[in-house]
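Visitor: Supplied in structure tokens, the structure appears directly below.
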Amino acid sequence: MSGSNGPTDTHTYQSLAEDCPFGSVEQPKRSTGRLVMHSMAMFGREFCYAVEAAYVTPVLLSVGLPKSLYSMVWLLSPILGFLLQPVVGSASDHCRARWGRRRPYILTLAIMMLLGMALYLNGDAVVSALVANPRQKLIWAISITMVGVVLFDFSADFIDGPIKAYLFDVCSHQDKEKGLHYHALFTGFGGALGYILGAIDWVHLDLGRLLGTEFQVMFFFSALVLILCFITHLCSIPEAPLRDGATDPPSQQDPQGSSLSANGTHEYGSIEKVKNGGADTEQPVQEWKNKKPSGQSQRTMSMKSLLRALVNMPSHYRCLCVSHLIGWTAFLSNMLFFTDFMGQIVYHGDPYGAHNSTEFLIYERGVEVGCWGLCINSVFSSVYSYFQKAMVSYIGLKGLYFMGYLLFGLGTGFIGLFPNVYSTLVLCSMFGVMSSTLYTVPFNLIAEYHREEEKEGQEAPGGPDNQGRGKGVDCAALTCMVQLAQILVGGGLGFLVNMAGSVVVVVITASAVALIGCCFVALFVRYVD
């Protein structure tokens, strides 16, 4: 990403996916199969997330990580993501690779996820085989495991923005909504399968004996699922490369992606050919030659211009980001401590007791049941995302958004006030409502805002542009709220638990924050009619 130092080195870029000189366009309808293929990335990512949730703490404990370094492991990745995600979002808006704008970044981040898993699941075994000195072995094992956890978290959190921007680039508005629901559906399925496989005792099975340890077994499954899912995703819908609007006329830019349909509309965003029925392209090319690049054309952005674009983004985008931050803060507050809550509060176990004591074994049993509760969350998230498509026509996006926060706030509140095994497991379904809401509704609103801006641009071509923001920047600004929520939760909840002396304060805090979010989404978030 390079800055522009003057008129001599300023280039304007136009994507075949947006801001086309041929005027208003509409994406072709995508088949259900293509949208399902596109959603497989979310399945693979969430499967690997579930494996990390199940195994990363045992891995860190097994390599002897000091307690003083725990906060560094959990906070370093979200801090990096919060600072860098808008930068990468802007860079993907201006990527000129022949393979498209988003897919090169998605491929790179998927490889980083795979490398991170390889390091934190296999690093200790590799170090044990290569290093004999016990002190050096400890240092190397801790270092490699920490790098693996941070690298995986960083890339897994980062990849959501390019995936959403890829969907927005290549789909019509109706298909964007369908695609987001499929994303939530397969996110739940991936998480559920990951938790189920993580709950199996692989050590006493043939595959566990063959591969060595349960860590290697889970790496085998995770790597296989990740590779297959992302290959499917990257082959789902082709992208058109970004074109240089300052040098290349439309007739010379990717003839597969720049053809006209029979009714004169220009297909963009994919490289699929359109039968144009002999449509005349000379007139639009001549019009392009006779005008300067419009304000809708995207410019290469320096860090200064990127920050200016984020600061000056419309107020309704900022309100949506704040509501997303509130939602993820509530959700993560509950999810990151839920198994510990089950072990200590619901089962009355003691995590600090001797490992052969009854209290510690009861605590471990509570953690296992908590994992099944998280599996219920994932399954219900998929089920609810399916019904969202029907519900939105009756209660609208505002109703869905408000209901997701309200049900989660009430559910976690009842869990904290009346801890019971069976009621807690039943109310885990409310976690799924919140999860599905966070994965779909905010991005549906982003798509609505983009469509509204496009209509305004068609009605007033000479009006103000989007100040250099692209879809990648908008999606990145929204998804980096997840990293900020992780920073707030990681830095604040430990202090609250120490002050209260009980982990129940975490669940009550999650409930209170979610109910505050109800008021915010009802009063401040803007909904497009």
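The values are calculated or read from the model by the stated rules, or taken from the named source; none is laboratory data. A quick note: this is a predicted structure, and the numbers were derived from the prediction, not measured. Every residue, glycine among them, receives a Cβ derived from its backbone with ideal geometry; neighbour counts consider all protein chains shown. Please note that ligands, DNA and RNA were not included when accessible areas were found on the heavy atoms of the full protein model with its side chains. Shrake-Rupley method; radii C 1.70, N 1.55, O 1.52, S 1.80 Å.
Visitor: Do any of K176/K471; K389/K455; K389/K471 go past 21 Å between their Cα atoms, and which?
Guide: K389/K455; K389/K471
Visitor: Can I ask one more? Give the distance, in whole Å, between the Cα centre of segment 326-357 and the Cα centre of segment 364-430.
Guide: Distance between centres, Cα-based: 17 Å.
Visitor: Still on this model: Expected output is a single nm value to one decimal: the length gained when fully extending between I196 and A354, i.e. 0.36 nm times separation in residues minus the C-alpha distance. What is it?
Guide: Roughly 54.1 nm would be gained on extension.
Visitor: For segment 403-460, what does the accessible surface come to per residue with a 1.4 Å probe? Please give it in Å².
Guide: So segment 403-460 comes to 36 Å² accessible per residue, rounded to a whole number.
Visitor: At 0.36 nm per residue, minus the direct Cα-Cα distance, what do A522 and A129 gain on full extension? Give it in nm, one decimal, please.
Guide: Going from the current span to full extension adds 135.7 nm.
Visitor: Quote the Stokes-Einstein diffusion coefficient, in whole µm² s⁻¹, for segment 29-238, based on the Kirkwood radius over alpha carbon pairs, a temperature of 4 °C and a viscosity of 1.567 mPa s.
Guide: D, rounded to a whole number, is 72 µm²/s.
Visitor: Right, next: With a 1.4 Å probe and every protein chain kept in, tell me what percent of the accessible surface of segment 78-197 is carbon plus sulfur.
Guide: Its accessible area is 72 percent carbon and sulfur atoms.
Visitor: Still on this structure, I have one more. Based on the Cβ-Cβ distance from R318 to L84, what FRET efficiency comes out when R0 is 22 Å, to the nearest 0.05?
Guide: 0.65
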